[in-house]
Amino acid sequence: MALYKLFHYELLTAKRSLHECLYPIMVFGLIVTLFPLSVSTDPKTLSMIAPGVVWVGVLLACLLSMDRLFREDWESGFLDRMLLSSQSLSVLILIKLLAHWVVLGLPLILVAPLLGLFLHLTYQAELALVVSLLLGTPILMLIGAMGVALTLGLRNQGLLLMILVIPFFIPVLIFGSSAVGSANQQLSVTGQYGFLAGLLLLSLCFVPWTIAGILRIGVAN
Amino acid sequence: MQITPLNQLRGQHLEATLGEACIFSNVNFNLENGQLLQVLGPNGAGKTSLLRLICGLLPPTQGQVLWGDAPIESQREIYHQEMTFIGHKAGMRETLSAVENLQMDCALTGGNSEAAIESALQQLGLLQAATILVRQLSAGQRRRLALCRLLLGTAVLWVLDEPFSNLDKDASTLLHGFIEQHVQQGGMVILTCHHDLDFPHLPIEYLRLE
């Protein structure tokens, strides 16, 4: 009950600053529309580069959205209270991330197939895009949150975050875009789904706990 | 209401460093039920650091803080249930209203009803401002809102960093009352404060940081 309440207030906090949540989605849309304009308008070429383009767009949008994850709470002192709560810190972090994913991840997943249409993705590829994003975006956010926790309170946090976190996004990017690419060529994609699901479970198990540790050290400094 | 679980907070040979510089070293104190401890010292003496260390937000470079017989790190969840910390920053979400913040706080600490929240807001004169976003509250009102948490929690130990800052005279009198009542009921209070405290009926312990 208490945890549900916390989730509710996390959502409410995000809702009150909805414009900030829209920026990453707009950036995502803009990045993807740049490609038909700059590369080629040929449907065949576009559908070939589409998986990579959409996935890189999602990756950058996720990264942009992460910036505000802990910063406000850190500045207002709310983070201290999370650390001093009698609830487990990793559970609190998981709730926060879940709300973040609902507000930022889900809209990205809804917008992605639309952008896929611009890029002439086939129906199967659109389906693979949605499934791979459903599995992949939570991983991106979990890893990104770890980066945010590490760079909390530093100057140039955004840039440092990118340098730290993007290398760890690579496996997700490879399997995600390869799933969409394979589906586009009517090949089987269960392998890629398997890898993404495995990565998701692995990061769900370890990352909240790691972030809790990082935040405890970060707040102490 | 008498606070029943007898307990004891002890700091042993505490040392804190900031980067390379040592802020304070070999600080010892002992606090039992029904005691009030005021931490004194000039600016930069490490009062805030000491309080954060007592809460468990800052690990000491040496020494330990004991709650009962065990170090606080080994019983974090129990300790945090029995302790309330109010720091310099109010720790309130700017985009939530006063009531919503307190409800969220109750979810974090576990328990308490709508009625208790309303009564706390009323006692601190915030009932009118209850549905206004914290972003729009004044510094004094924010401070009052943070103090509501003292009334909502069931904590034995209150750790208060400059609780009187930004408060007007009325609120300051109220807070004196809360602290006095809490200590008389067997609670423990540690606070930092630059002016003399006005507790004619309470013995105050002092801890001086050089």
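The values are calculated or read from the model by the stated rules, or taken from the named source; none is laboratory data. Computed from a predicted structure; not experimentally measured. Note that each Cβ is placed from the backbone with ideal geometry, even for glycine, and that neighbours are counted across all protein chains shown. Areas reflect the complete protein model, heavy atoms only, side chains present, ligands, DNA and RNA absent. Shrake-Rupley method; radii C 1.70, N 1.55, O 1.52, S 1.80 Å.
Take segment B:80-119 and flag every residue that is facing another protein chain (nearest Cβ under 9 Å) and without any contact (Cβ under 8 Å) to a residue 40 or more places away in the chain.
B:His80, B:Lys89, B:Leu96, B:Glu100, B:Gln103, B:Met104, B:Ala107, B:Leu108, B:Gly110
Tell me which residues, restricted to segment B:35-84, are part of a strand (DSSP E or B), in contact with a strand residue (DSSP E or B) (Cβ under 9 Å, 6 or more places away or on another chain) and small (Gly, Ala, Ser).
The answer is B:Gly63, and nothing else.
Take the residues in segment B:56-74 that are touching an Asp or Glu at 6+ places or on another chain (Cβ under 8 Å) and over 13 Å from B:Leu14 (Cα atoms); name whichever of them is surrounded by the fewest Cβ atoms within 10 Å (Cβ to Cβ).
For segment B:56-74, the residue satisfying everything is B:Leu57.
Cβ contacts < 8 Å: first residue away from chain A (no Cβ under 11 Å) and closer than 14 Å to B:Thr17 by Cα, restricted to segment B:48-72; second residue of a type in the set (Ser, Thr, Tyr) and open to solvent by 20 Å² or more (accessible area, probe 1.4 Å), any location; separation 6+ or different chain. Result?
Hits for this filter: B:Gln62/B:Ser25.
If I filter segment B:158-166 for residues that are within 12 Å of another protein chain (Cβ to nearest Cβ), over 28 Å from A:Ser17 (Cα atoms) and either open to solvent by less than 30 Å² (accessible area, probe 1.4 Å) or not in a helix (DSSP H, G or I) (or both), do I get at least one hit?
Yes: segment B:158-166 contains one or more residues that are within 12 Å of another protein chain (Cβ to nearest Cβ), over 28 Å from A:Ser17 (Cα atoms) and either open to solvent by less than 30 Å² (accessible area, probe 1.4 Å) or not in a helix (DSSP H, G or I) (or both).
Name the single residue that is nearest to B:Glu118 (Cα to Cα) among those in segment B:155-177 being of a type outside the set (Gly, Ala, Ser) and out of contact with any strand residue (DSSP E or B) (no Cβ under 9 Å at 6 or more places or on another chain).
If we take residues in segment B:155-177 being of a type outside the set (Gly, Ala, Ser) and out of contact with any strand residue (DSSP E or B) (no Cβ under 9 Å at 6 or more places or on another chain), then B:Leu174 is nearest to B:Glu118 (Cα to Cα).
Here is a check on your reading of the model: is B:Gly91 among the small types (Gly, Ala, Ser), open to solvent by 30 Å² or more (accessible area, probe 1.4 Å) and not in a helix (DSSP H, G or I)?
no
Picking from A:Phe70, A:Phe78, which residue would you name as being free of Cβ contacts under 8 Å to residues at least 24 places away in the same chain, buried (at least 21 other Cβ atoms within 10 Å of the Cβ) and either over 16 Å from the mean Cα position of the chain (by Cα) or within 14 Å of chain B (Cβ to nearest Cβ) (or both)?
Answer to the selection: A:Phe78.
Checking the conditions here, which among A:Pro107, A:Pro113 is without any contact (Cβ under 8 Å) to a residue 24 or more places away in the chain and open to solvent by less than 50 Å² (accessible area, probe 1.4 Å)?
A:Pro113
When you scan segment B:38-55, how many residues do you find that are open to solvent by 10 Å² or more (accessible area, probe 1.4 Å), touching a Leu at 6+ places or on another chain (Cβ under 9 Å) and closer than 24 Å to B:Gln81 by Cβ?
Final tally of qualifying residues: 2.
Residues in segment B:189-207: is at least one open to solvent by 30 Å² or more (accessible area, probe 1.4 Å) and in a helix (DSSP H, G or I)?
No, segment B:189-207 contains no residue that is open to solvent by 30 Å² or more (accessible area, probe 1.4 Å) and in a helix (DSSP H, G or I).
Restrict the check to segment A:14-35 and report whether at least one residue is of a type in the set (Asp, Glu) and away from every other protein chain (no Cβ under 14 Å).
No: zero hits.
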